[in-house]
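Single-structure report; data block below.
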Amino acid sequence: MSVYNHILFATDLTEISEKIVPKVTEICETYGAKLSLIHVIEPIPAYGYPGVTDLESPVIEHAKQAMHELAEKFSLPNQHQHIEFGSVKAQVLRVAKELNSDLIIVGSHGRHGLARLLGSSAGAIVNGAECDVLLLRAPMR
């Protein structure tokens, strides 16, 4: 039995995520683990309504395209690609639990990338996760 069977890669869909693709691939291959991707869009509150607004439509379309491009690097089918809406921490933890993930991978480049975007949520993911969490640093180049 492998240490990791299902890995959830929480991505901000930026260059940082692109740079750690080889590391994520190597980890998946080493453990023979399935891989799923998650990207969370935090809704922009408009006039007190916290739902999806017309202003977010370009953000959603960009996320779908970027997710598709990232998933192609891993040859992942649609059912392993998750674009969620809401709190980053809550959605990453919810999906990790639903998928029975045993490792969550988050990319970082110093104080940039997803770790900066998440702010205190990164710590909340670490503290709230029911599985291991791995922060991967992207190469500086």
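Summary table
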{"item": "Failed criterion for Ile60 (all others in (1) of a type in the set (A, V, I, L, M); (2) in a helix (DSSP H, G or I); (3) touching a residue at least 24 places away in the same chain (Cβ under 8 Å) hold)", "result": "(3)"}
{"item": "Single unsatisfied condition, Ala115 versus (1) among the aliphatic types (A, V, I, L, M); (2) assigned to a helix (DSSP H, G or I); (3) at pLDDT 80 or above", "result": "(3)"}
{"item": "Residue, nearest to the chain's Cα centre (by Cα), within region 69-97, restricted to residues that are hydrophobic (A, V, I, L, M, F, W, C) and outside any helix (DSSP H, G or I)", "result": "Ile83"}
{"item": "Members of region 1-17 found to be free of Cβ contacts under 8 Å to residues at least 60 places away in the same chain and in contact with a helix residue (DSSP H, G or I) (Cβ under 8 Å, 6 or more places away or on another chain), listed by number", "result": "Ser2, Leu13"}
{"item": "Every residue from region 1-49 that is loosely packed, with under 13 Cβ neighbours inside 10 Å and at pLDDT 90 or above", "result": "Val3, Pro22, Glu26, Glu29, Thr30, Gly32"}
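The values are calculated or read from the model by the stated rules, or taken from the named source; none is laboratory data. Bear in mind that the values here come from a model prediction, so they are computed numbers and not experimental data. Positions of Cβ are backbone-derived with ideal geometry, glycine not excepted, and every protein chain shown enters the neighbour counts.
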